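One structure is given here, and the rest of the page talks about it.
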Amino acid sequence: MTELANPNYLAALPEMFLAAAAAVLLMIGVFVGNRSTTALTLLSALAMAAAFIMVLVAPDERATAFGGLFVTDTFSTFMKCLVLIGASVTLIMGLGYVKREGMARFEFPVLILFASVGMLMMISANDLIALYIGLELQSLSLYILAAFRRDAVRSSEAGLKYFVLGALSSGFLLYGCSMVYGFTGATNFEAIAAAVASGGEAGAAGPIGILIGLVFIAVALAFKISAVPFHMWTPDVYEGAPTPVTAFFAAAPKIAAMALLLRVFLGPFQELVEQWEQIILFVSIASMALGALAAIGQTNIKRLMAYSSIGHVGYALVGLAAGTPEGVRGVIIYLTIYMVMSLGAFSCILAMRQKGQMVEQISDLAGLSKTNPLMAFSFAVFMFSMAGIPPLAGFFGKLYVFLAAIDAGLYGLAIVGVLTSVVGAFYYIRIVKLMYFDEPAAPLDRPIGVELSVVLAGTGIVTVLFFAYPTPVLIGAQAAAASLFP
Amino acid sequence: MLLYIAPVFLPLIGAAIAGLFGRLIGARASQVVSCLAMGIAAILAVIVFDRVAIGGEVQQVYLFQWISSGGFEVDWAFRYDALTAVMVFVVSIVSFLIHVYSIGYMAHDPHIPRFFAYLSLFTFFMLALITADNLLQLYFGWEGVGLLSYLLIGFWYKRPAANSADIKAYVVNRVGDFGFGLGILAIFLTVGSISYDAVFSAAPDLAGRSFEFLGGQFDILNVVCILLFVGAMGKSAQFLLHTWLPDAMEGPTPVSALIHAATMVTAGVFMVARMSPLFEYAPVALAVVTVIGAITAIFAALIAITQTDIKRVIAYSTMSQLGYMFFACGVSAYSAAIFHLATHAFFKALLFMGAGAVIHAMSDEQDMRRMGGLWKLIPVTYGLMWVGSLALAGIPFFSGFFSKDIILESAFAAHTGLGQFAFWAGIAAAALTALYSWRLIILTFHGKSRADEQVLAHVHEAPPVMTIPNVLLAIGAIGAGYLLLPLVAADGAFWGDAIFVLPGHEALEAAHHVDFWVKALPTIVAVLGIGAAYLAYMAWPALPGAIAARLRPLYLLSLNKGYVDELYDFVFVRPAMYLGRGLWKQGDGAVIDGVGPDGLAAAALVLARRAVRLQSGYLYHYAFAMLIGLAAIVTWYLLART
């Protein structure tokens, strides 16, 4: 056990730093009180920025820490960067909301910090135990965040629902882990991979036992990324949770969970690709279809974004179903673009205020092009991009996953994907129609705030101009995907 | 060189200026430009006629290569021989006179530039058709005049009748054009070229050869010529494809005069004459041409005697005269056909424009039953109509006399059974021609007026801009016969190589040696026809009614134009409409829209509603869904394993 003697703390530096920062900020909050919330928010963002830099400067080679529990490679670097960007931007975006809606308690930024630590750990997990610890750290923080407006019934309800169902999925996860451990005798991903490759320790019963374990783990992870049919919590939680929390849900945890899913399926269970591919196929098709169809019937913009995120997860999974480096590259590109788009869309939703009150109905957007043309334009850009209209970024996201699916011979999946994106285009474009062609409702408040304007402008520019200079994302995703295929 | 190009392209320039810049330069300038261009073209046409037809200077003018694709090569070139020269001469002059006449006739129309652009463009296509040096160029002009005919018949596009008439004209012409196109394709298939020289020189070798189609053997040239003739039937309104011509009278009267009397409808006759080197080797096709021509001549004349619309009478008369021209072609007397074509262009344009003057005077009334007694009020028009009718009836010393007689004599002199049939049909038609012409004159100009006071008060002679072209046409209607008599000289020297007659087919030469009674008979029956018209409509006005009552079925048959329209309506139009409606309502509406766009959209909505209902809000539903999902996946693997 030389590795235990040399824990290689350096590889886990960002996580340790962030955890320490969270603890320190928590202490500050405890002593200073709620008036420190704004400062703590900014400090949290700063801590994430520091962690971001640490992630970036870390060496690219694969390294493990804590006796193989923890791994860093190009993939983890890329995904951590995404998660940190998403988390810090949503933190800043929510600033105004938190202050206005009486949510300015110092725990808020700290919880987001803890959740982020959990996510980084998930991304770097190289062991079933590490996986579980990271996942639970993230999940517990998210349960609280969802119920953060404890005086609001819907927020509490959302938190409770999320917690109960999350606990159920944790149960699945643990059960699956124990099955896998029981049949392979290992929790470390490399060891599991070796055991799976050799057919398992328990002879003929091995593979099916491992398979059942894999199904349970897959279901638990599908719950985290809200893939159908394990998505049921998503609309209620997205709607009930405070909007900055919803934005955070859409941006960061989804990416972390997806990264974990990629790592688990392509790491320990890579040999079983033909088995889990069937789950992914089913879940992917179901998500795309339900995401497209159920969104049509929505009147609440946050609920609509929930179904939209379900659909997007389905599209991302198309790339995983291909099971090739190109497919994984497609997933990573898709997640990157999706995060940018949903940050933009949620900054618009955060700006939906009438006479100081937040509004969430889609119909409140009617005639926005006349009352706030810039916001209407950027919202339209995000909607078109999510619908996958060229030359906006969303089109390229879909393009790469569908290309990978076709290269892998999954024509049916690609066709379903294209068809559902046609159906999906309907509800995205309906919002554009509402903003541009309908009579104005009561106008939304102006100005929308500096931080929202900046985010809106930044994400909008990325979405519009992605086609002009996609190289950094493409190269990064390429390298990240390659590191999962040793 | 320019002399030969300019007559064709001047009308195009005129049309372009009037059509594209008509709003800019105004109605008056559009008229002046297009008339000027047409006038110059007419003068050049006279010079061309002098050089080519009289001077015997045959020209082929190469402009540029049009298409070169594999073995398919088409040039844009003009061929000026005697046949072309005669046609260019007739078309340009008549068209010019009609342009001028239109200034007066269309004076109150709000769309004058458009009208003149169409007229000039039509003339361009007609001239391109005539001067073509290959079949594709011929087809270009052929389709162009069809298109312009559509546009001009529907010129008053706000009238429903005009719209249905132009669609009818176009569709019926398409039927003929389809045959024509097939004929051209068949020629290219067998000869490998569509230039006239190559086709004509290959014709003798092709004679008697056959090809296999659907298991049967067919004579190449007979098939080709019959297909070409189907095109001519459409364009020249021959029996079976004639139904569009009477309806085309919905267009403005100058259009009827230009297109449906003097030029476009004669394109079929011209084409058959042009293709004489092919037709001469296709005896079956010639027989078909003779029979169809003869039937058309008598059939149209029978209908004309009961029509009451002044323009329709003249339209059926046109059809009948075209029948004469075709059976002349059928007995190899092509030059007689072209001769009649030329004289007919003058007197038929005159009749139409005279009728136009009457309509103009009667405040747009076209029904002869509401006319009468006009001769004192519009004496000039009356006189002109007499000249036109005398020429049409073939009364001696008017142009129609020369041309119609030579046709009938040729038919008689052909000494074939079909020739005899055509001759007697032609004699009967000649009698009927005189009858309906004088019926028209008497009903319109004599007797007591049947128009109401208001209309009568407005009756006035047409302005000089309309009368002068008519006078010039009248001079043509008298003089063209003398001027163009060399066309039918027994030796055929006038034509050079333009018209080819196989040895043994010299009906025209034989026509000069027929018995006197054959020469005299047309004139005698024409005079008898005039006498009958006088008796029936002037001396004894009750007679027509009595005859109509006695021969009611025959009368109705004639009045209803032989029920051909009704027959077509029943056989073609209604089934097509049913089929179209069925495909539209059931096929497109119910199946494609219902299952496709509408069905999918509706299904998406239904599914969306169900998907929304899935989200009940109950925690145990959600947990249950997760468990079911998990159980389903596990079951799937267990089942797949065993």
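Ranking of A:290, B:240, B:556 by neighbouring Cβ atoms within 10 Å, starting from the fewest: B:556, B:240, A:290.
With N set to the residue count of the range A:1-113, report its C-alpha Rg divided by 2.2 N^0.38 Å to two decimal places.
On the way: Rg = 16.1 Å, N = 113, 2.2 N^0.38 = 13.3 Å.
Here the answer is 1.21, to two decimals.
Taking the Cα atoms of the range A:415-468, the ratio Rg/Rh between the radius of gyration and the Kirkwood radius comes to 1.10.
Ordering B:589, B:353, B:427 by Cα displacement along the dipole of chain B toward the positive end leaves B:589 in first place; charges were set at the Cβ atoms of Lys, Arg (+1) and Asp, Glu (-1).
Only lysines eight or more places from residue B:404 in sequence, or on another chain, were considered; those with a Cα closer than 23 Å are B:235, B:311, B:348, B:519. The P(r) of the range B:187-258 has a tail past 19 Å containing 53 percent of all C-alpha pairs. For chain B, the convex hull drawn through the C-alpha positions has a volume of 254 cubic angstrom per residue. Sparse packing (at most 14 other Cβ atoms within 10 Å of the Cβ) combined with a DSSP loop state is found for the following trypsin sites (Lys or Arg not before Pro) in the range B:363-406: B:376.
Kindly state, to the nearest 0.05, the FRET efficiency for residue B:566 paired with residue B:421, given R0 = 25 Å and r defined as their beta-carbon distance.
Working: r = 27 Å, r/R0 = 1.09.
Efficiency, rounded to the nearest 0.05: 0.40.
Pairwise Cα distances in the range A:93-228 exceed 28 Å in 30 percent of cases.
Considering lysine pairs in chain A that are 8 or more places apart or on different chains, how many have Cα atoms under 14 Å apart?
On the way: A:80/A:254; A:161/A:224; A:224/A:254; A:370/A:433.
Counting lysine pairs in chain A gives 4.
Against the empirical 2.2 N^0.38 Å (N residues), the range A:253-350 has a Cα radius of gyration ratio of 1.13. The label-point distance for residue B:73 and residue B:25, in a model that sets each label 7 Å from Cα toward Cβ, rounds to 3.9 nm.
In degrees between 0 and 90, to the nearest 10, how far off the longest principal axis of chain B does helix B:399-413 point, with axes built from Cα atoms? The two axes meet at around 80 degrees.
Calculate the FRET efficiency for residue B:605 and residue A:153 from the Cβ-Cβ distance with a Förster distance of 30 Å, rounded to the nearest 0.05. Could you put the intermediate results ahead of the total?
Values: r = 31 Å, r/R0 = 1.04.
That gives a FRET efficiency of 0.45.
Within the range A:189-271, the GluC sites (Glu not before Pro) that combine a DSSP coil assignment with at most 16 other C-beta atoms in a 10 angstrom radius are A:201.
The length gained by stretching the chain between residue A:9 and residue A:60 to full extension, at 0.36 nm per residue less their Cα-Cα distance, is 16.8 nm.
Computed log10 I(q)/I(0) for the range B:456-586 at 0.11 Å⁻¹: -0.99, from the Debye equation with unit scatterers placed on every C-alpha and solvent omitted. Other protein chain C-beta atoms within 10 Å of residue C-beta, averaged over A:219-231: 3.
Dipole magnitude for the range A:231-340: computed about the Cα centre from +1 point charges on Lys and Arg Cβ and -1 point charges on Asp and Glu Cβ, it is near 320 debye. Kirkwood radius and radius of gyration were both taken over the C-alpha atoms of the range B:371-428, and their ratio Rg/Rh is 1.23.
With the Kirkwood sum run over all distinct C-alpha pairs, chain A has a hydrodynamic radius of 22.4 Å. Two numbers describe the Cα atoms of the range B:83-179: Rg and Dmax, which are 14.4, 42 Å.
Computed from label points 7 Å out along Cα-Cβ, the spacing between residue B:367 and residue B:624 is 8.0 nm.
Regarding the range B:321-467, what is the average projected area of its C-alpha convex hull, in nm²? Don't skip to the end; give the middle numbers.
Working: hull surface 35.6 nm².
Taking the Cα atoms of the range B:321-467, their convex hull projects to 8.9 nm² on average.
Computed extension length for residue A:299-residue A:450: 51.5 nm, one decimal, from 0.36 nm per residue of separation with the Cα-Cα distance subtracted.
Can you give the alpha-carbon Rg of the range B:581-621 over 2.2 N^0.38 Å, where N counts its residues? Mind dumping the intermediate values first?
Working: Rg = 16.4 Å, N = 41, 2.2 N^0.38 = 9.0 Å.
That works out to 1.82 for the range B:581-621.
Would you mind estimating how fast the range B:278-335 diffuses translationally, via Stokes-Einstein at 37 °C and 0.692 mPa s with the Kirkwood radius over Cα pairs, in µm²/s? Mind showing how you got there, number by number?
Working: Rh = 11.7 Å.
For the chosen part, D equals 281 µm²/s.
Hey, could you get me the Stokes-Einstein D for the range B:520-630, Kirkwood radius over alpha-carbon pairs, 20 °C and 1.002 mPa s, rounded to whole µm² s⁻¹?
Numbers: Rh = 22.0 Å.
It comes out at roughly 97 µm²/s.
Any idea what angle helix B:2-20 forms with the longest principal axis of chain B, computed on alpha-carbon atoms, 0 to 90 degrees, nearest 10? It is inclined by approximately 50 degrees.
Sorting the segments A:87-96, B:282-291 by their mean number of nearby beta carbons within 10 angstrom, highest to lowest, gives A:87-96, B:282-291. Remark: the residue A:53-residue A:16 segment gains 11.9 nm on full extension, using 0.36 nm per residue and subtracting the alpha carbon distance. According to the Cα-based calculation, Rg over Rh for the range A:217-297 is 1.01, with Rh computed by the Kirkwood formula. A quarter of the convex hull surface defined by the alpha-carbon atoms of the protein assembly as shown gives 61.0 nm² as the mean projection. All C-alpha pair distances within the range B:224-357, sorted into 10 Å bins from zero, spread as 14, 48, 29, 8, 0 percent across the bins. Helix A:153-184 axis versus longest C-alpha principal axis of chain A: approximately 20°, rounded to the nearest ten.
Values in this text are rule-based calculations from the coordinates and carry no lab data. Predicted model only: the values in this text are computed from it and were never measured. Glycine also receives a Cβ, built like all others from the backbone with ideal geometry; neighbour counts cover every protein chain displayed.
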